[in-house]
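Below: the structure, in structure tokens.
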Amino acid sequence: MDNRPIGFLDSGVGGLTVARELMRQLPHEEIVYIGDSARAPYGPRPAQQIKEYTWQLVNFLLTKNVKMIVFACNTATAVAWEEVKAKLDIPVLGVILPGASAAIKASKSGRIGVLGTAMTIQMDSYRKKIQALSPAAQVESLACPKFVPLVESNNYQSSLAKKVVYETLRGMAGKVDTVVLGCTHYPLLRPIIQNVMGKDVTLIDSGAECARDISVLLNYFEINHSRTEEPLNHRFYTTASPVAFRLIAENWLGKDIDVEHVEL
Ligand code: DGL
């Protein structure tokens with residue numbers, strides 16, 4: 001047993017899609033979440049800068065005495081996960097491997113679409129992982145740089161969002177049977193993405209898949225939180241406005257939360 005919290009990091013509110021899955025799948029675990037909304041999106045930034053910011057988020061989480069760190073951000077996973085994982089002595093999980101494995105399992109035709117930020121697509125991490133596990137798979141990757149700003153500005157259900165998603169994805173519709181939502185912000189756009197891709201296309205939420213891996217690791221290292229009747233003290237931190245963060249977070253998580261501003 002280990003009653004320390006699990007740390008989550010993201011460039012902003014996207015990692016909440018992973019945190020929500022964790023709360024659903026493992027309701028006894030406590031969460032410390034840091035979103036760097038003041039500097040989002042990370043996707044268009046140079047790799048070195050993303051790495052630097054990611055280390056700042058990691059170091060912040062370490063001050064909160066976390067037992068595990070989850071990179072609830074594909075971009076940070078693509079750029080910095082290997083390095084951080086090698087340096088820390090607690091488990092560090094990324095979202096790309098679980099998403100890649102789930103896509104292979106779900107696809108019948110072997111034609112898989114991957115949506116991600118400019119950096120995630122440039123790093124080609126999903127294609128590499130998917131083809132390492134399943135060499136015959138055909139991967140069509142697409143950077144969607146307009147998606148994250150729609151989510152961060154709480155416009156992810158707007159008619160502008162519908163227009164942007166349609167214009168970005170229409171070229172991929174009909175070509176793949178499975179699409180990886182390779183950015184943790186994208187599940188907030190899921191109904192619109194599903195609508196454009198068609199109802200027969202399977203959407204893979206890399207964050208949800210990651211929550212299953214968290215469970216496996218907690219069991220493996222025997223570091224589950226003990227079951228208690230006491231309410232858990234989830235903590236959420238943002239580098240931008242706590243009001244804006246809380247608005248999106250409470251809507252997405254379906255519960256009231258405390259959000260604190262933090263300078264990194
Ligand atoms: N949510 C992040 C991801 O999964 C980052 C998006 C961004 O800041 O560009 O890639």
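Read-outs: derived from the displayed coordinates by stated rules, not from any lab. Keep in mind the model is a prediction, meaning the values are calculated, not measured. FYI the Cβ positions are ideal-geometry reconstructions off the backbone, even for glycines, and counts take in every protein chain you see.
Overview of values
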{"read-out": "Charge dipole (debye, nearest 20) of the stretch 27-149; +1 at Cβ of Lys and Arg, -1 at Cβ of Asp and Glu", "value": "320 debye"}
{"read-out": "Ellipticity estimate at 222 nm from DSSP helix runs (n ≥ 4, -39,500 (n - 2.57)) divided over the chain, nearest 500", "value": "-13500 deg cm²/dmol"}
{"read-out": "Spatially proximal aspartates and glutamates relative to LYS162 (Cα-Cα < 18 Å; intrachain offsets below 8 disregarded)", "value": "GLU152"}
{"read-out": "Within straight-line cross-link reach of LYS87, aspartates and glutamates at Cα separation under 18 Å, skipping those fewer than 8 residues along the same chain", "value": "GLU52"}
{"read-out": "Net charge dipole size for the chain [Lys, Arg +1 and Asp, Glu -1 on Cβ; Debye, nearest 20]", "value": "900 debye"}
{"read-out": "Which listed pairs, of LYS67/LYS129; LYS67/LYS128; LYS175/LYS199, have C-alpha distances above 18 Å, in listed order", "value": "LYS67/LYS129; LYS67/LYS128"}
{"read-out": "Sequence of TYR42, TYR166 once ranked by neighbouring C-beta atoms within 10 Å, starting from the fewest", "value": "TYR166, TYR42"}
{"read-out": "Extreme residue, positive dipole direction of the chain, given options THR239, SER153, PHE8 (C-beta unit charges)", "value": "SER153"}
{"read-out": "Dipole moment magnitude, nearest 20 debye, the stretch 207-264 about Cα centre, only Lys, Arg, Asp, Glu C-beta charged", "value": "120 debye"}
{"read-out": "Loop-located GluC sites (Glu not before Pro) in the stretch 123-186 whose Cβ has at most 16 other Cβ within 10 Å (DSSP)", "value": "none"}
{"read-out": "Angle in degrees between helix 159-169 and the longest Cα principal axis of the chain, rounded to the nearest 10", "value": "60 degrees"}
{"read-out": "Trypsin sites (Lys or Arg not before Pro) restricted to DSSP loop in the stretch 46-123 with at most 10 other C-beta within 10 Å", "value": "LYS108"}
